[in-house]
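Comments concern the structure below.
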Amino acid sequence: MLTDRYGLAVDTASADARDAYVEGCDLLLTVYPGAVAALDRAIAADPDFALAWIAKARTQQLRGDIPGARAALAEAEGRASGLPARVSSQIEIFRRLFVGRSADALTAVRAHLDEWPRDALVLSTTANQGGLIGMSGQAGREQDLADFLGRLAIHYGDDWWFNAHYAMALSENSQQAAARPIIERSLAQNPRNAFAAHARAHLFYEDGDRDDAIAFLHAWLPSYSRDGGLHGHLNWHLALFELQAGNVEEGFRLYSEIFASDDYPATAQLKLVDGTSFLWRSELAGHKPDPARWRVLHDFAQRMFPRPGMSMADWHVALVLAAAGDGEALEARTREVENLVRDGRYPSGLAVLTLARGLAAFQRNDFVGAIEAIEPMLSERERIGGSRAQVDLVEFTLMKAYLDAGRPADARRLLGQRRPGPTRIPVAGLI
């Protein structure tokens, strides 16, 4: 019986198919290019290899090719008769995921991993802040993710892929001392693991270690292909560190040439989130607004996200609409979110809606209105989705609103209440 890298049986008798499948999964799990090509070799060696079809579907989904993902999953479903229980369970998980039934998918993931805890492909749907727990919209999701991975840790031992995610979850939960050696081991075991590099960037951020972060990313990124799924996002991290260091021109070079460029090969959500948040932060830091850049992002957001439904995208669309001065579109969108909340179809509750109104007030220089909107939702900000580094934008905006409303003592109070670690907050006038 052939097995994968985690010792789980695969539904093929072809060693060539299995080897190509393992290669494809490793490329998928490390966010390196080439996963589809490897999985296609596995399928060519055994066209009835359902696990390879499922892995291809997952890869295409992560690339934003939803029609391709559904087509590949249909190929696996067409071979469902007589498949092992683990394979059938995988099919059901991804079926739910691809039609947007995220809560149902998470329920299925938890049950699946109770039975097959070392199924890394299934765990990959939930292992990071962009996964099913991280984007659940639920209060306490940071602790939930750390606990979820903590229960699985015994099954993975010192596995480099698992450790990158587990350490990131610990770091996001203010456990930097525990996270640090785990990340270092993961990188030492597989320096090409983009998720480990990503976890390291976040740990630098949480430690307030700006200069070492810049040095690390400058050393690591040249060996990572531009086609890698985290290439642009890691350059966004680098741009934020450069902004903290006062190197605004270098930050904007990375913005223009990499993570906001027309040929940025990432999902629409990541392109929206990274470009939008960098421009907003640069203005909080005192850089002059660039209406032309905001117009480009405005058109992109309207085209790619015409309707709300995903909290992480929705609050960044609100940022874009506010910054571009499109109050009419922003008000229409907030009404749509309000309707979803009222109908019980918006897991984040009122947090995104309240933030959107606060951002709109801030942009029209109604700083008192911005404060009144953002202050009450601050304790629930993890519900809007994203890492701590991403969600910090909300706190930074409130600090700037305090300053511009003539309330510097409140800005300093909020700064003093922040979690230990992140320092040199890029908000003009704060110090």
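The values are calculated or read from the model by the stated rules, or taken from the named source; none is laboratory data. All values derive from a computational prediction rather than experimental measurement. When we count neighbours, we look across all protein chains shown, and the Cβ atoms used for this are built from the backbone with ideal geometry, even at glycine.
When only residues in the stretch 123-161 that are in a helix (DSSP H, G or I) and among the aliphatic types (A, V, I, L, M) count, which is farthest from Val99 (Cα to Cα)?
Initial filter on the stretch 123-161 (in a helix (DSSP H, G or I)): 123, 141-156, 160-161.
Now drop any that are not among the aliphatic types (A, V, I, L, M), which leaves 123, 145-146, 149, 152-154.
Details: Leu123: 19, Leu145: 23, Ala146: 27, Leu149: 25, Leu152: 27, Ala153: 30, Ile154: 32 Å.
Restricting to residues being in a helix (DSSP H, G or I) and among the aliphatic types (A, V, I, L, M), the top hit is Ile154.
Every residue, every condition in (1) within 25 Å of the chain's Cα centre (by Cα); (2) among the charged types (D, E, K, R); (3) closer than 29 Å to Gln138 by Cα; (4) in the same structural domain as Gly344 (by TED's automatic domain parsing), yes or no:
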| position | (1), (2), (3), (4) |
| --- | --- |
| Ala20 | no, no, no, no |
| Leu28 | yes, no, yes, no |
| Arg41 | no, yes, no, no |
| Ala69 | yes, no, yes, no |
| Ile93 | yes, no, yes, no |
| Val99 | yes, no, yes, no |
| Ala111 | yes, no, yes, no |
Flagged pairs (Cβ under 9 angstrom, 6 or more apart or on separate chains; first in the stretch 319-333, crowded, with 18+ Cβ neighbours inside 10 Å; second hydroxyl-bearing (Ser, Thr, Tyr)) are Leu319/Thr276; Leu319/Ser277; Val320/Thr276; Ala323/Thr276
Scan the stretch 121-140 and tell me whether some residue there is in the same structural domain as Trp53 (by TED's automatic domain parsing), within 26 Å of Arg383 (Cβ to Cβ), surrounded by fewer than 20 Cβ atoms within 10 Å (Cβ to Cβ) and in contact with a Pro (Cβ under 8 Å, 6 or more places away or on another chain). no
Looking only at the stretch 334-351, filter to residues that are within 27 Å of Glu283 (Cα to Cα) and β-branched (Val, Ile, Thr); which one of those is surrounded by the fewest Cβ atoms within 10 Å (Cβ to Cβ)? Thr334
Select from the stretch 52-69 the residues that are among the hydrophobic types (A, V, I, L, M, F, W, C) and without any contact (Cβ under 8 Å) to a residue 60 or more places away in the chain and write down the one among them that is surrounded by the most Cβ atoms within 10 Å (Cβ to Cβ). Ala52
Is it true that Gln138 is more than 15 Å from the chain's Cα centre (by Cα) and without any contact (Cβ under 8 Å) to a residue 60 or more places away in the chain? no
Scan of the stretch 145-186 for residues that are surrounded by fewer than 23 Cβ atoms within 10 Å (Cβ to Cβ) and more than 17 Å from Leu203 (Cα to Cα), ordered by number: Asp147, Phe148, Gly150, Arg151, Leu152, Ala153, Ile154, His155, Tyr156, Gly157, Asp158, Asp159
Options Ala332, Ala361: the member that is closer than 26 Å to Ala405 by Cβ and of a type in the set (A, V, I, L, M, F, W, C): Ala361
Considering only the stretch 352-360, I want to know if a residue exists there that is over 22 Å from the mean Cα position of the chain (by Cα) and loosely packed, with under 15 Cβ neighbours inside 10 Å. no
Extreme residue, surrounded by the fewest Cβ atoms within 10 Å (Cβ to Cβ), among residues of the stretch 287-314 that are within 23 Å of the chain's Cα centre (by Cα) and acidic (Asp, Glu): Asp299
Against the definition (of a type in the set (S, T, N, Q), surrounded by fewer than 22 Cβ atoms within 10 Å (Cβ to Cβ), assigned by TED's automatic domain parsing to the domain that holds Leu27 and within 19 Å of the chain's Cα centre (by Cα)), how does Ser89 come out, yes or no? no
